[in-house]
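A quick write-up on the structure given underneath.
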Amino acid sequence: MAATEIDYYELLEVNRDADGATLKSSYRKLAMKFHPDRNPGDAEAEAKFKAIGEAYECLKDPQKRAAYDRFGHAAFQQGMGGGGGGHPGADFGDIGDIFETIFGQAFGGGAGGGGRQQQRRGADLRYDMEITLDDAFHGKQTEIEIEVSASCDTCDGSGATPGTSERECNLCHGHGKVRAKQGFFVVERPCPTCHGRGAVIEDPCRDCRGEGRVDKAQALAVDIPAGVDTGTRIRLSGKGEAGPRGAPAGDLYIFVHVRQHSVFQREGTTLATRVPVSFTTAALGGCVNIPDLDGETNAVDIPAGIQSGKQLRVRGAGMPVLQGRGRGDLVVEIAVETPTKLSKAQREILEQFRETETGDECPESRGFFDKLKDAFGS
């Protein structure tokens with residue numbers, strides 16, 4: 001039985017609702033098991049290896065998979081739906097574009113095309129990076145290591161065994177698309193032989209199995225600019241997944257996540273912190289020193305009589321402006337702390353102070369109790 005007549009899902013030993021990760025995992029396991037290098041001289045293993053490769057090529061592409069789920073192998077065979085095969089070069093008019101209406105741009109290069117399908121660009125990738133607030137303040141140069149599909153070194157990304165090259169497809173004659181009747185309609189679809197490329201590789205590279213790319217670890221330098229915040233996205237052009245058979249690579253996007261700091265809270269370019277001060281400092285005034293992320297110290301004056309919750313602003317002591325000039329502000333929120341342990345002498349001093357109180361020392365407190373008297377007549 002020809003490999004194209006075997007159900008692709010059975011070949012890959014997965015359920016019909018398997019996701020992309022499951023498909024890829026099963027394909028890799030089976031490809032390794034039936035690879036010709038592991039089974040020298042075994043024609044049956046080599047045929048199985050090619051069959052599972054064909055199945056994976058179809059099912060990993062969402063549009064091709066949708067077509068296969070709907071029409072089976074007939075979706076990729078000339079003469080689909082009965083009613084005559086039709087020569088790949090025959091002109092059936094604009095009605096041939098109906099397949100694009102059903103499945104989108106993946107099945108043609110535009111209305112009335114006829115040229116080769118454009119090379120499919122490699123997929124974009126995402127990498128999540130966690131950094132400290134100090135890193136976000138100063139910026140950082142670091143290196144990451146990711147596993148990504150990269151151009152095959154053996155065939156230099158061509159997919160063909162070194163010393164060989166691809167040739168024009170005999171079925172579509174280099175157009176990359178074929179047309180065939182389906183009942184009363186004519187449909188245009190990618191050539192099932194060359195998969196829309198217009199050319200075929202007769203002797204695929206053994207290392208990449210004709211894909212022109214292999215999975216391998218890559219070390220990449222990443223420059224984190226000063227001022228980044230959680231959600232900042234850094235784009236590394238051309239560092240994503242390599243495209244098949246020399247097609248352009250996708251991009252790699254670094255998504256930044258800034259860890260919480262033990263002292264400062266951040267909102268945009270503003271840094272905020274809560275500073276407890278003694279009730280004597282709050283009453284008499286004073287000064288507190290707040291270390292900065294750049295290593296300097298900010299002296300913050302505490303005015304006499306300050307209350308808890310009062311915010312003091314230090315201009316230009318916050319975070320750098322991303323890709324700009326200047327810095328945000330530092331906001332210091334005051335928290336007046338009442339002493340919980342007093343010596344005998346301190347207690348006596350406070351008792352003397354209480355005896356001299358007139359109520360004018362704390363106008364907010366006095367005003368509240370005056371309101372109570374007015375409200376309840378007591």
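The values are calculated or read from the model by the stated rules, or taken from the named source; none is laboratory data. This structure is a prediction, so every number in the text was calculated from the model and none was measured. Positions of Cβ are generated from backbone atoms using ideal geometry, with glycine treated the same way; all protein chains shown enter the neighbour counts. The area values use the complete protein model at the heavy-atom level, side chains included, leaving out ligands, DNA and RNA. Shrake-Rupley method; radii C 1.70, N 1.55, O 1.52, S 1.80 Å.
Kindly indicate whether any position in the range 221-233 is more than 30 Å from GLU364 (Cβ to Cβ), more than 29 Å from the chain's Cα centre (by Cα) and open to solvent by 70 Å² or more (accessible area, probe 1.4 Å).
No: zero hits.
Among the residues of the range 102-149, which ones are basic (Lys, Arg), assigned to a loop (DSSP other than H, G, I, E, B) and at pLDDT 60 or above?
Listed by number, the residues that qualify are ARG120, ARG121.
For ALA31, only one of the following conditions fails: (1) of a type in the set (Gly, Ala, Ser); (2) touching a Lys or Arg at 6+ places or on another chain (Cβ under 8 Å); (3) not in a helix (DSSP H, G or I). What is its number?
(3)
Assess whether THR270 counts as being surrounded by 13 or more Cβ atoms within 10 Å (Cβ to Cβ) and at pLDDT 95 or above.
Spelling it out, THR270 is indeed surrounded by 13 or more Cβ atoms within 10 Å (Cβ to Cβ) and at pLDDT 95 or above.
Quick one: in the range 324-356, of everything that is without any contact (Cβ under 8 Å) to a residue 24 or more places away in the chain and under 30 Å from GLY139 (Cβ atoms), which residue is most open to solvent (accessible area, probe 1.4 Å)?
Taking the candidates together, the pick is ARG325.
If a residue has to be of a type outside the set (Asp, Glu) and under 19 Å from GLY246 (Cβ atoms) to count, how many in the range 126-155 make the cut?
Number satisfying all stated conditions: 7.
Residue-by-condition table, conditions (1) without any contact (Cβ under 8 Å) to a residue 12 or more places away in the chain; (2) of a type outside the set (Asp, Glu):
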residue	(1), (2)
GLY250	no, yes
VAL258	no, yes
GLN265	yes, yes
PHE279	no, yes
ALA283	no, yes
GLU296	yes, no
VAL300	no, yes
LEU312	no, yes
LEU322	no, yes
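Check ASP128, ASP215 and return the single one that is farther than 21 Å from GLY53 by Cβ and touching a residue at least 40 places away in the same chain (Cβ under 8 Å).
ASP128
For the range 277-292, how many residues are within 43 Å of the chain's Cα centre (by Cα) and exposed (fewer than 13 other Cβ atoms within 10 Å of the Cβ)?
2
Can you confirm whether HIS175 is open to solvent by 60 Å² or more (accessible area, probe 1.4 Å) and modelled with pLDDT under 85?
Considered against the rule, which asks whether it is open to solvent by 60 Å² or more (accessible area, probe 1.4 Å) and modelled with pLDDT under 85, HIS175 comes out as yes.
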